[in-house]
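Here's the structure we're looking at; comments come further down.
The values are calculated or read from the model by the stated rules, or taken from the named source; none is laboratory data. No experiment lies behind these values; they were computed from the predicted model shown. We place every Cβ from the backbone using ideal geometry, glycine too, and count neighbours over all the protein chains shown. These area figures cover heavy atoms from the full protein model, side chains too; ligands, DNA and RNA do not enter into them. Shrake-Rupley method; radii C 1.70, N 1.55, O 1.52, S 1.80 Å.
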Amino acid sequence: MSNQSLFSRRRPVLPPVLPRGEVLATYSTYADAQAAVDTLAKADFPVKQLSIVGNDLKSVERVTGKLTYGRVALAGAASGAWLGIFFGILFFLFSPTGSSLPFVFAALIMGAGFGMLLGIASYAINRRRRDFTSTMQVIATSYQIIVDPELVHRARNLLGDEPPAPVTPSE
């Protein structure tokens, strides 16, 4: 994961390459690997020399519920209402008179209605292909911290001599 600022300087985009160096430690969760890097950062270790590499990537789709006409209509109405509010506020801001506030409410109702109709029509067309909602994520089975070979002993000393949590294979 990266935490890039919108206001940071633009750097040239480099082609993706695997980091080179020695494996400092291997962890079973990203949070554990991130905590180890955080420990090193607090000890003034040059963290720019570290990389967290996820291994054995897996795609995980978690089913969150069953789709019904009611749920589809409600979701379509909600998204249409947001679009309606947007256009209603535009009408309100750019109208020559200040009495166009009822247009905001009318745009909200019309947007919700159109969103509901489009959601139901889309669901009716695709109903037999996908009758559930889900979230998708890509996760790794293990995470390695890679460090420059010159700094590996210093990093191990800062993390302590305790061995990292054992990685258990998922399959």
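Using helices alone, I'd like the mean residue ellipticity at 222 nm for the chain: each DSSP H run of four-plus residues gives -39500 (n - 2.57), total over residue count, nearest 500. Don't skip to the answer; put the middle values down first.
On the way: 4 runs with 72 residues, N = 171.
The per-residue figure over the chain is -14500 deg cm²/dmol.
Could you give each residue of region 16-30 its phi-based ³J(HN,Hα) in whole Hz, using Karplus coefficients 6.51, -1.76, 1.60 with θ = phi - 60°, and x for Gly or Pro?
Running phi through 6.51 cos²θ - 1.76 cosθ + 1.60 with θ = phi - 60° gives x, 9, 6, x, 10, x, 9, 7, 6, 6, 10, 10, 8, 10, 5 Hz.
So what is the accessible area of the chain per residue, in Å², with the probe set to 1.4 Å? Before the final figure, lay out each step's value.
Working: 13020 Å² over 171 residues.
Result: 76 Å² per residue.
Based on the alpha-carbon gyration tensor of region 23-99 and its eigenvalue square roots a ≥ b ≥ c, which shape applies: rounded if a/c is under 1.5, prolate if not and a/b is larger than b/c, or oblate?
On the way: a/c = 5.44, a/b = 1.94, b/c = 2.81.
Oblate, because a/c is 1.5 or more while a/b does not exceed b/c.
With just the Cα atoms of the chain, tell me how far they stretch along each of the three principal axes, in Å, largest first.
Computed over the Cα atoms, the extents are 71, 46, 29 Å.
With an 8 Å cut-off on Cα pairs and a minimum separation of 6 or more residues, tell me the relative contact order of region 68-130 in percent.
Details: 81 pairs, mean separation 30.3, N = 63.
Once normalised by length, the contact order is 48 percent.
What shape does region 52-142 take by its C-alpha gyration tensor, where a ≥ b ≥ c are the square roots of the eigenvalues and a/c under 1.5 counts as rounded, a/b above b/c as prolate, and the rest as oblate? Write out the running numbers ahead of the final one.
Details: a/c = 4.89, a/b = 1.91, b/c = 2.56.
It comes out oblate by the Cα gyration axes.
Per residue of region 129-135, in order, report the coupling 6.51 cos²θ - 1.76 cosθ + 1.60 (Karplus, θ = phi - 60°) as ³J(HN,Hα) in whole Hz, putting x for Gly and Pro.
7, 7, 9, 8, 10, 7, 10
For the chain, what relative contact order do you get, as a whole percent, if you take Cα pairs closer than 8 Å and at least 6 residues apart?
Working: 231 pairs, mean separation 72.1, N = 171.
Across the chain, relative contact order equals 42 percent.
Leu67's amide H: which non-local residues (gap 5+, or another chain) put their own amide H closer than 5 Å, with H modeled 1.01 Å from N in plane and none for Pro or chain starts?
Phe132, Thr133
Pop the C-beta distance of Asp32 and Val63 into the FRET formula with R0 = 30 Å and round what comes out to the nearest 0.05.
Details: r = 27 Å, r/R0 = 0.91.
Approximately 0.65, to the nearest 0.05.
Given a 10 angstrom Cα cut-off, can you work out which residue in Leu93, Leu50, Leu24 is the most mobile in a GNM of the chain?
Result: Leu93 has the largest fluctuation of those listed.
For the pair Phe132 and Arg154, how long in nm is the line joining their label points, each one 7 Å along Cα→Cβ?
About 5.1 nm, to one decimal.
Given the Cα-Cα distance of Arg71 and Ile139 and 0.36 nm per residue of separation, how much length would full extension add, in nm? Present the calculation step by step, with values, prior to reporting the outcome.
Numbers: separation 68, 0.36 × 68 = 24.48 nm, distance 2.90 nm.
Working it through step by step, the gained length comes to 21.6 nm.
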